[in-house]
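Heads up: the structure comes next, in structure tokens.
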Amino acid sequence: MSTPLPPPAVPVFPAGYAPVTADFTNLIQIPMQFATNRIVFRANQQTTQSITTGAYRIITYDTVLEDPYSGWNSGSHQWLAPYTGLYEVTVFCSIATNPASLQVGIGITGTTIVGSQPETPSAQLGGAIAYGLYACTGGQDYIQGIAQVDNTSSTDVSAIGRYPRMEIVYAGRGN
Amino acid sequence: MSNLPTVPVAPDYVNEQLILAPGLRSSVGDGIAFLLSPPAFVGAQTNTLQGVAPSTLTAIQWDTESYDNYGGHRIATSSNTYYGMIPGWYLCTCSSFINSTTNGDASSGIGGVQSGGANQQYMGQRIPMGAAPPVPGTTSAKLMLMTQTGTFGGGSNDYIQGIAWNGGGISQSLLNGSNQFPYMTATWVAAQSGTSSLPVPVNAAWPVPPSYITTSFINTNVSNAIQFLTYPPIYEAFYNTTGQRLASVTSVPSLGPTMLLNSETVDNYNAGINGSWTAPVSGLYYAYGQIAVSNHATSVSLGAGLNVNSSNYGGTPLTLWGSGQQATQITSAINCAVVSRHLRLNAGDTLSLSAWQNDSGANGVNVLGVLTNNWSSRLIIVWRSA
């Protein structure tokens, strides 16, 4: 798929109509292409970030792996949903230092929903995950990875397997 | 909900077949409508402050519906249950938070009835819990098959529930905070059955006259495409016996051990053997893993990971780690760590469940998985996009 497609309308096939190639393209090929190649986004963080204690902090992903719909804003560290729909999100964050607690969540247009919170993460592998399914309005709602600690810590980027990361895939129309 | 599309059935086209508009509407039109808006449920508990009795697997009441396009849930009746309206495999997740005032442990999971069977609970992440803040938040995932569907509240209708566990010795409430609250999702991801081992659709350009539409072309780009998208690769394996041990390791390795998962819930592309799975086709896959163990008094930490061998992840086998948590330092206490992410894989790439644990006495732990134990080790993989 060379050009990212918008979610297609449900194709309507009129009776008594002689379709030409363009009709098959619009009514079959393009909708099937979108159903096969969903809107996706993947990013990780490879430079450690200081997570200051207290409030929910935005995870600053610095490496975008996949963003065919160009939704990522590297300044605000948020991915703008290009079209209205239901989005499936996974977030992981690992902390190199040892806070007494770690929350990892998903931010939807400024509201954080925490996925998990190990009360005391492991000193050697202090990580937590979040998963969610969110209805987003295209061009309006944005998605972020979120972490919160109870004493200032740094994210763990010591190995590929520990990079904080976020993945998003379109899951449906959401209406 | 009778006007909503159902699982599409792709026709097999034959030579000289007259293709009529009604046929295209039902196969392609309704197929696209279903595939781009499959049954899904997103629920939360934001104001009930439900009490959870100690050591009791408790179905969570969902007082808030964020999404329910096929009407499988009603707040007023059976608020803790999502009834299947369309048959198929559902990817289900649940997170919960115990507003803890005692020491103990906490967990969340997925329960329900599949294919008319018994009500069972499949628990996920299980972590230590303290008397003082912060509260423990746990998460879990499970593939559930619903085949007896379509009758909300029907006695024989399959259903899904989110489950909370409070191992604190006294009844405690679920936290309904602004940012921390119980949350459940259920998403249709595949039909109950279908044609497997199909390639990812290429959705080729339609022929331009004088070229013409051949049987092969339309079957490949309509029939097979719908069949693949309706029944993509899905996989769930779990550990269903005893004897597997997880050794204590001081430092978290870049490549952890591969865990044996000797039973399969589903493997429609025959891609897995004992928990080692090979991607049958390229794509973006959702993967979830959990490792459940029985602790010692000297247990320190537990982590879960995914072993991946893919050029998209360094080209050499490594572990993508997930949650890392402290262990409950009580003999025979159960802990369960989890990992989940979406992975970009090529056909032939491999995935398996991995784990790490550290014990101050260098003791190994037993990996849990006997089916009668609500906490068992498992791996889930679902194709989500090309």
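Relative to one another, the C-alpha centroids of segment B:308-351 and segment A:7-36 are positioned 41 Å apart. Residues in segment B:53-202 average 31 Å² of solvent-accessible surface per residue, probe 1.4 Å, ligands and nucleic acids excluded. Taken about its Cα centre, chain B carries a charge dipole of roughly 400 debye when the Cβ of each Lys and Arg holds +1 and the Cβ of each Asp and Glu holds -1.
Using a 1.4 angstrom probe on protein heavy atoms only, the contact between B and A buries about 5900 square angstrom of accessible area, both sides summed.
Shown here: segment B:154-274, whose C-alpha atoms stretch 76, 40, 34 Å along the first, second and third principal axes, sorted largest to smallest. In chain B, taking the dipole from charged Cβ atoms about the Cα centre, the farthest positive-side position among B:Pro317, B:Pro133, B:Ile218 is held by B:Pro133.
Summarising the overall dimensions of segment B:268-313 from its C-alpha atoms, the Rg and Dmax are 14.8, 45 angstrom. When Rg and the Kirkwood Rh are both derived from Cα coordinates, the Rg/Rh ratio for segment A:114-165 amounts to 1.03.
Across peptide A:16-23, the average count of Cβ atoms from other chains found within 10 Å of a residue's Cβ is 2.
Seen from B:Ile226, the other residues with C-beta closer than 12 Å to its C-beta sum to a net charge of -2, counting Lys and Arg as +1 and Asp and Glu as -1. For segment B:207-364, the fraction of C-alpha pairs farther apart than 26 angstrom is 39 percent. Pairwise Cα distances in the protein assembly as shown exceed 43 Å for 15 percent of all pairs. Here the convex hull built on the C-alpha positions of segment B:32-133 has a volume of 124 cubic angstrom per residue.
Extent of segment B:330-386 along its three principal axes (Cα atoms, max minus min coordinate, largest first): 46, 27, 17 Å. When shorter helices are ignored and each DSSP H run of at least 4 residues is given -39500 (n - 2.57), the per-residue value for the protein assembly as shown at 222 nm works out to -1000 deg cm²/dmol.
In percent, rounded to a whole number, the relative contact order of chain B is 18, using alpha-carbon pairs under 8 Å and six or more apart. For segment A:135-161, a drop of 20 Å² or more in accessible area on going from the chain alone to the assembled protein chains (1.4 Å probe) is found at A:Ile160, A:Gly161.
Evaluated with a Cβ-only charge set (Lys, Arg +1; Asp, Glu -1), the protein assembly as shown carries a dipole of roughly 320 debye about its Cα centre, given to the nearest 20.
With one equal scatterer per alpha carbon and no solvent term, the Debye-computed log10 I(q)/I(0) for segment B:276-341 at 0.27, 0.28, 0.29 1/Å reads -1.15, -1.20, -1.24. Within segment B:103-145, the proportion of C-alpha pairs whose separation exceeds 18 Å stands at 40%. Each Cα pair of chain B feeds into the Kirkwood radius, which the Stokes-Einstein equation turns, at 20 °C and 1.002 mPa s, into a diffusion coefficient of 97 µm²/s. Cα-based values for segment B:87-190, radius of gyration first and Dmax second, are 15.1, 45 Å. In a simple Cβ point-charge model (Lys, Arg +1; Asp, Glu -1; nothing else charged), segment B:255-386 has a dipole of about 240 debye relative to its Cα centre.
Taking all pairs of distinct Cα atoms, average 1/r, flip it, and tell me the Kirkwood hydrodynamic radius of segment A:24-175 in Å to one decimal place.
15.9
Measuring heavy-atom accessible area with a 1.4 angstrom probe and counting protein chains only, the residues of segment B:26-42 that give up at least 40 Å² relative to the chain alone are B:Val28, B:Ile32, B:Leu36.
The values are calculated or read from the model by the stated rules, or taken from the named source; none is laboratory data. Because the structure is a prediction, the values reported are computed rather than measured. Counting neighbours? That spans all protein chains shown, and the Cβs are built from the backbone with ideal geometry, glycine included. With ligands, DNA and RNA removed, areas are computed over all heavy atoms of the protein, side chains included. Shrake-Rupley method; radii C 1.70, N 1.55, O 1.52, S 1.80 Å.
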